[in-house]
1. Step by step: first the residues of region A:41-67, then only those that are facing chain B (nearest Cβ under 10 Å) and not aliphatic (A, V, I, L, M), then the one that is nearest to A:Tyr86 (Cα to Cα). Which residue is that?
2. Kindly establish whether A:Thr364 is in contact with a Leu (Cβ under 9 Å, 6 or more places away or on another chain) and either modelled with pLDDT of 80 or more or of a type in the set (D, E, K, R) (or both).
3. List pairs: first residue in region B:76-101 and more than 24 Å from B:Asp132 (Cβ to Cβ), second residue surrounded by 13 or more Cβ atoms within 10 Å (Cβ to Cβ) and of a type in the set (Lys, Arg) anywhere in the structure, Cβ distance under 7 angstrom, at least six positions apart or on different chains.
4. Please go through region A:327-347 and give me each residue that is part of a helix (DSSP H, G or I), in contact (Cβ under 8 Å) with a residue 24 or more places away in the chain and within 15 Å of A:Val369 (Cβ to Cβ), ordered by number.
5. Can you give me the number of residues within region A:240-263 that are at pLDDT 80 or above and in contact with an Asp or Glu (Cβ under 8 Å, 6 or more places away or on another chain)?
6. Give the residues of region A:68-89 that are surrounded by fewer than 20 Cβ atoms within 10 Å (Cβ to Cβ), more than 8 Å from every other protein chain (Cβ to nearest Cβ) and hydrophobic (A, V, I, L, M, F, W, C), sorted by residue number.
7. From (1) farther than 30 Å from B:Phe133 by Cβ; (2) at pLDDT below 90, pick out the condition that doesn't hold for B:Pro38.
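The values are calculated or read from the model by the stated rules, or taken from the named source; none is laboratory data. Small disclaimer: the values here were computed from a predicted structure and weren't measured. Cβ placement follows ideal geometry from the backbone for every residue including glycine, while neighbour counts extend to all protein chains displayed.
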Amino acid sequence: MTEVDKALGIVVSGSVEKGVDIRLDTQASVEDMVVGRYVTIEGAKRRFFGMITDISLGVTDEAIMQTPPDVSNSFTSEVLAGTATYGTLHVLPMLTIGGDTASIIEGPQPVKTVPSHFSRVSLASEQDMELVFGKEDAQRFWIGNPLDMETRLCLNLEELVKRSNGIFGKSGTGKTFLTRLLLIGILQKSKAVNLIFDMHNEYGWEGSSEGGSRKVKALKQLFAEKVAVFTLDEENSKRRGVSTDFTVRIGFDEIDPEDIALLRQTLNLTEPATEAVYQLRRRFGKDWMQKTLDLSDSEETRNLLLQMNIHESTFGNLRRGLVTIRRLPFIVPHAPVDAVKSILEYLDRGINVVLEFGRHRDITAYVLVANMLARRIYDSYQKKMEASMAGNVAPPTPLVITIEEAHKFLNRDVANYTIFGNIAREMRKYNVTLLVIDQRPSAIDEEVMSQLGTKITCLLDNEKDVDSVLAGVSGKNELKTVLSRLAPKQQAMIFGHAVLMPVSFQVREWGSQESYKEFTHGTHSKQQAEKDIKELFD
Amino acid sequence: MNSKIGEVIESTSTGFLAEAYELYNLPAFGSLVKVVEPLVEIYGVVCQAGTASIEPGRRPIARGKDEASEEAIYRSSPQLIRLLRSEFSVLIVGYARDAKIYQYLPSKPVRIHAFVHQCSADELKRFSQTFDFLNLLLAANVQVPLEELMAAVLREMSQVQDDPRAFLVLAGKSLTSLLGGDYQRLRTILGRLRS
């Protein structure tokens, strides 16, 4: 495109709060405009960056609408186009760069004013976008291209992982793809390690693309040296040909009352039943679960329950729940090896851990395991961080914990009890952050949502979900329009801490051999990379 | 150069009346004519034309009852050519000075007996590069419907362009901004422009 082609029109009205209106030039067709695209506005003293949030049609004379011209001959409509009938863009200015040297060095700043009347507006050029989103480098990772542009949208992952982040989107919009991409980015370009609770076995070894037509490779296959796959279901992993590093077993004695509290909804436990767990734990100590399950239906038991003031039906309810847990194949009376310890060992060595759930995809298993492991890892990190604050040792490697179906852990009822609620709120200080993946953001506790640094969202079409994702973002209503117009696949919008302004983008391609090459390039020595690729495809 | 078609017989700031040298040899309605003066060339468009008796009080009478054709009337009464005259009114739309065209009224009206020339295709093309003259046409007080005149002028001009349609679209756009609040009038004109 030449410079002339990029000229769109001029500013005719506007306000800081609502954005500016731009009258399109005759040669610019409304049909070429897309909500979500970027424009630059050349004000008299400064340049503005903004996003097109609405496109509308206008007429100078109401009579045109009452008696429209004969459309069988295009002459009249051609004449009227751009003069009596015209297109209007609504643009939300987001960033500004002053004209003087100091402001140029300072870089883009948030907008505090609007461009003056008749400022020229054009499509943002590649250079403009680069100025805002940076170039790919040691810390910046290319995640996609802004809609209809060649520019690479690069995220500073070092910055990104300093806070908890969220990926949202309704089912089938490409959350998994996006997450996989982001995980690779974190693996390559930041010092953080990932711990992924991989409910659907998609991140460690190959997963299928949407529609299942082709296989796409995942972390372990591309970065064998830096990724360890843990599994809860060895048999399933073997069948899928996954080379696993560790089989996780969880002992009864590792389960705490908090874990049961979290499972209250999925296990259908009553309030008193969850209360009873704490009493049983106090009474029986570490082995409470085994001992509770061992209680036989005898007079003795009834006396015991009476002593603890637990009603019999409550106990029955609790017992049924515990039996459900016991039925999970990876739960054993005593775990042979401490899973948490080995996960921590790997993480300390800078190796990313993917925990596969195999066939245990039901939410009970996922919530139980994720919460239990995360809680103990949290404790360990907290201790290490405190030790490092005291000056004895180096701080632990920053950790990013990825959880799916996040609303199960972070909904209003349980967010205050679960470890994930805690991490989202305060664990940043202890070098642990979350990567939350969910399709119902509205179900997540508002407090947790507000603490997420950067949010990436694919298409959402539930009003409540959109509201909760965009809560607190300036220009929310305008962004809503953009968000609801995203393509159902491979398009997303990112906003928050890691980017200067919200941007909707086309997610980087993933799944072809070329794309793998691009990703692996630069992480190993060239020879190693070539060897890896050869092995993969032979 | 034999483009001389008539002579000015009445003149005002906004236009003039000219008599054609030959009976019925009138420039086309809406066509561009010019009057060449020592310093300036004044351009105008033909907005009205007609033929009548030389003496206002003596109206012609019908003569063809026993004649076979119209030409036969003139053959049998050759004096008729002397007793009738063709006249045309011109609305001034601009002038040229030092080879530069200004599309607004000249400072002085044209002089009586100045020669009126039909503009060549090249001149017409040169004049029609901008549309500022449309405003003069719109403001004119003429006896013909203004919409007809506008359409005729633009049609005339379009014929000498490389891309007549593109020219008309461009002209239409200028008209649209001039006629902002008057869509019906615009529609009428555009209806007479499209092919």
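1. A:Thr60
2. Taking the combined requirement at face value, the residue does not satisfy it.
3. B:Ser77/B:Arg63
4. Of everything in region A:327-347, those that are part of a helix (DSSP H, G or I), in contact (Cβ under 8 Å) with a residue 24 or more places away in the chain and within 15 Å of A:Val369 (Cβ to Cβ) turn out to be A:Ala339, A:Val340, A:Ser342, A:Ile343.
5. 4
6. The answer is A:Val71, and nothing else.
7. In the conditions (1) farther than 30 Å from B:Phe133 by Cβ; (2) at pLDDT below 90, B:Pro38 misses (1) alone.
Here is a yes/no grid of residues against (1) aromatic (Phe, Trp, Tyr); (2) out of contact with any strand residue (DSSP E or B) (no Cβ under 7 Å at 6 or more places or on another chain); (3) at pLDDT below 85; (4) part of a helix (DSSP H, G or I):
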position: A:Leu434; (1), (2), (3), (4): no, no, no, no
position: A:Ser442; (1), (2), (3), (4): no, yes, no, yes
position: A:Lys464; (1), (2), (3), (4): no, yes, no, yes
position: A:Leu500; (1), (2), (3), (4): no, no, yes, no
position: A:Gln506; (1), (2), (3), (4): no, no, no, no
position: A:Glu509; (1), (2), (3), (4): no, yes, yes, no
position: A:Glu518; (1), (2), (3), (4): no, yes, yes, yes
position: A:Ala529; (1), (2), (3), (4): no, yes, yes, yes
position: A:Asp532; (1), (2), (3), (4): no, yes, yes, yes
